[in-house]
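Down below is the structure, laid out as structure tokens.
The values are calculated or read from the model by the stated rules, or taken from the named source; none is laboratory data. No experiment lies behind these values; they were computed from the predicted model shown. Virtual Cβ from ideal backbone geometry, glycine too; neighbours counted across all protein chains shown. Surface areas here come from the heavy atoms of the whole protein model, side chains and all, with no ligands, DNA or RNA. Shrake-Rupley method; radii C 1.70, N 1.55, O 1.52, S 1.80 Å.
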Amino acid sequence: MSLSKKIVVAVSGSIAAYKACDFISLLKKRGHQVRVILTPSGEKFISKTSLQALSQSPVYQDDFSPESLMAHIELGQWCDLAIVYPATANHINGFAAGIGEGLLHSFFLAFDFKKPFLIAPAMNTRMLFHPATLRSLETLKQWGCHLLPSEEGSLACGEVGEGRLLTPEKAVAFVDSQFSDESPLQKRILITAGGTRETIDGVRTLTNMSTGKTGAEIADALHERGHKVLLLTSKYAVMPKSDVKVDTYESFREIRNTLRALAQSKPFDLIVHAAAISDYSIASIETPDGEVQPGLEKMSSEHDNISIRLTRNEKILPKLKDLFSGDPVVVGFKLTSTESKEEQAKAIFRLFDKGGVDYVVHNDMTDINKGVRNYLLTSNAGEQKKLNSTESLSETLSELLNSKTHEVSHDLVP
Ligand SMILES: Cc1cc2nc3c(=O)[nH]c(=O)nc-3n(C[C@H](O)[C@H](O)[C@H](O)COP(=O)(O)O)c2cc1C
């Protein structure tokens with residue numbers, strides 16, 4: 001990558017501060033200029049000398065040393081992008097509260113948010129999910145900061161959970177994505193997720209059990225790899241953790257209309273259609289008092305019988321390829337509830353029958369009920385690849401895009 005940008009890396013007092021060394025090395029290898037802010041607590045975890053040597057630049061530490069009296073203003077003017085890597089709960093909450101104590105806080109307050117400001121949280125899971133931290137992250141997102149997702153895994157405190165600092169490689173991909181038009185690897189991706197809700201009356205709906213979690217996780221993972229992701233998900237679904245762009249729908253009609261509108265925008269390279277779209281919408285409702293319009297005020301619960309007539313919805317998946325310009329790679333999802341491999345295979349290949357689908361991701365309820373994520377990715381040429389996490393599925397989707405082929409390239413299973 002040839003573009004050289006000016007980047008401020010702020011290192012705060014997390015046990016993960018040592019990862020800033022690799023992060024800075026990677027930025028330097030990519031030709032960027034780096035200046036470092038190190039908080040006093042950060043220095044307890046990583047030496048100023050290491051950061052200075054790696055960044056080949058002085059490390060900024062407090063507002064009162066004569067050579068850096070105006071550093072909180074000047075660093076912001078100098079840089080093209082700032083990233084707090086790692087960001088402690090203390091600084092995240094301090095930023096959101098407008099605290100001005102110390103160089104990093106005042107640097108944040110004086111920052112020109114027309115430039116990207118990235119925050120990579122690193123902390124114990126309970127610190128991350130503390131209402132104060134959650135509220136601060138939400139505030140920072142609203143103010144235009146880019147929140148990098150943290151990862152799940154074993155934490156320094158010995159616990160397992162969320163809050164691990166994003167790896168240096170992934171954080172660099174995020175930095176690159178901010179200068180996106182210059183990154184040839186960045187692709188435009190549309191992901192649909194969640195389940196439709198058809199309104200019966202003012203308080204009742206017809207829906208399904210989709211949570212939207214898989215779609216949100218894929219969106220996070222692809223966003224993390226630097227792609228430009230739009231997640232179109234149900235209003236009631238699990239939302240992504242990172243600042244992926246989200247649009248929402250409620251009913252079949254709404255998602256169909258939104259897709260039609262999106263088809264008019266810039267072409268997508270990949271469409272992952274993971275939404276669980278109801279096969280039927282409500283056509284009419286018959287009560288002993290006569291027919292009522294769906295969606296109107298609450299029906300009486302005194303009736304002995306109510307008939308709801310359903311009407312078949314058109315299938316969205318086979319139409320995507322024609323609807324969207326630019327020949328996007330189209331990936332459909334098939335959830336089965338049978339342990340019979342033969343039935344599962346039939347269900348997968350039925351999705352290819354109508355054409356317009358490049359890949360099908362299959363998973364089965366038996367695995368989901370056991371809390372296991374097993375996916376089988378099948379190409380329309382019949383090649384298959386087993387993937388045992390949403391992360392590895394996302395990685396394969398990203399690789400498919402970057403290799404620009406519509407084929408599963410390796411680890412094929414018969
Ligand atoms: C061993 C140790 C590890 C810590 N790790 C973290 C951490 O990963 N994330 C965090 O938010 N705070 C962590 N803390 C607490 C912060 O260091 C503390 O809140 C500090 O005041 C943060 O300072 P700063 O935000 O000014 O850098 C840790 C503290 C200790 C003693």
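Tally up the residues in the stretch 323-343 that are open to solvent by 20 Å² or more (accessible area, probe 1.4 Å) and either over 26 Å from the mean Cα position of the chain (by Cα) or β-branched (Val, Ile, Thr) (or both), please.
7
Could you list all residues from the stretch 77-108 that are over 30 Å from the mean Cα position of the chain (by Cα) and open to solvent by less than 10 Å² (accessible area, probe 1.4 Å)?
Leu103
Residues to consider are Glu43, Glu74; find the one that is part of a helix (DSSP H, G or I), away from the ligand (no atom under 15 Å from the Cβ) and open to solvent by 10 Å² or more (accessible area, probe 1.4 Å).
Glu74
Within the stretch 209-217, identify whether any single residue is open to solvent by 50 Å² or more (accessible area, probe 1.4 Å) and polar (S, T, N, Q), and answer yes or no.
Yes, the stretch 209-217 has at least one match.
Suppose the filter is open to solvent by 30 Å² or more (accessible area, probe 1.4 Å), assigned by TED's automatic domain parsing to the domain that holds Tyr60 and not small (Gly, Ala, Ser); does Pro131 pass it?
Against the criterion (open to solvent by 30 Å² or more (accessible area, probe 1.4 Å), assigned by TED's automatic domain parsing to the domain that holds Tyr60 and not small (Gly, Ala, Ser)), Pro131 qualifies.
In the stretch 95-120, how many residues are farther than 19 Å from Lys5 by Cβ and either in contact with a strand residue (DSSP E or B) (Cβ under 7 Å, 6 or more places away or on another chain) or modelled with pLDDT under 95 (or both)?
Total meeting the criteria: 5.
Which numbered condition in (1) at pLDDT 95 or above; (2) among the small types (Gly, Ala, Ser); (3) over 29 Å from His130 (Cα atoms) is the only one that Ser65 fails?
Of (1) at pLDDT 95 or above; (2) among the small types (Gly, Ala, Ser); (3) over 29 Å from His130 (Cα atoms), only one is false for Ser65: (1).
So, in the stretch 48-63, exactly how many residues are within 16 Å of the ligand (Cβ to nearest atom) and open to solvent by 50 Å² or more (accessible area, probe 1.4 Å)?
Of the residues in the stretch 48-63, 2 are within 16 Å of the ligand (Cβ to nearest atom) and open to solvent by 50 Å² or more (accessible area, probe 1.4 Å).
Which one of Leu232, Leu140, Leu222 is away from the ligand (no atom under 16 Å from the Cβ), part of a helix (DSSP H, G or I) and at pLDDT 90 or above?
None of the others qualify; the one that does is Leu222.
Can you confirm whether Ser4 is surrounded by fewer than 18 Cβ atoms within 10 Å (Cβ to Cβ) and either under 29 Å from the mean Cα position of the chain (by Cα) or part of a strand (DSSP E or B) (or both)?
yes
Given the structure, is Glu297 open to solvent by 60 Å² or more (accessible area, probe 1.4 Å) and out of contact with any strand residue (DSSP E or B) (no Cβ under 7 Å at 6 or more places or on another chain)?
Here the answer is yes, as Glu297 does meet what is asked.
Keeping to the stretch 109-128, report how many residues are surrounded by 17 or more Cβ atoms within 10 Å (Cβ to Cβ) and over 18 Å from Leu27 (Cβ atoms).
The number of residues fulfilling the criteria is 7.
Which residue pairs have Cβ atoms under 8 Å apart, sit 6 or more places apart or on different chains, and have a first residue in the stretch 125-141 that is free of Cβ contacts under 8 Å to residues at least 60 places away in the same chain and a second that is within 14 Å of the ligand (Cβ to nearest atom) and aromatic (Phe, Trp, Tyr)?
Hits for this filter: Ser136/Phe95; Leu140/Phe95.
I want to confirm something. Restricting to the stretch 27-40 and keeping residues that are surrounded by 16 or more Cβ atoms within 10 Å (Cβ to Cβ) and either on the phi > 0 side of the Ramachandran plot or outside any strand (DSSP E or B) (or both), which single residue is farthest from the ligand (Cβ to nearest atom)?
Arg30
Looking only at the stretch 196-208, decide whether some residue is surrounded by 24 or more Cβ atoms within 10 Å (Cβ to Cβ) and either at pLDDT 90 or above or at positive phi (or both).
Checked against the condition, which is being surrounded by 24 or more Cβ atoms within 10 Å (Cβ to Cβ) and either at pLDDT 90 or above or at positive phi (or both), the stretch 196-208 yields at least one hit.
For the stretch 83-124: of the residues being within 13 Å of the ligand (Cβ to nearest atom) and part of a strand (DSSP E or B), which is farthest from Lys19 (Cα to Cα)?
Residue satisfying both the conditions and the ranking: Ile119.
Between residues in the stretch 24-45 that are farther than 16 Å from Lys6 by Cβ and residues that are open to solvent by 40 Å² or more (accessible area, probe 1.4 Å) and near the ligand (Cβ under 9 Å from one of its atoms), which pairs lie under 8 Å by C-beta distance while being six or more apart or on different chains?
Within 8 Å, the pairs are Ser41/Asn90; Phe45/Ile15.
Does the stretch 238-261 include one or more residues that are touching a strand residue (DSSP E or B) at 6+ places or on another chain (Cβ under 6 Å), open to solvent by less than 20 Å² (accessible area, probe 1.4 Å) and assigned to a helix (DSSP H, G or I)?
The answer is yes; a qualifying residue exists.
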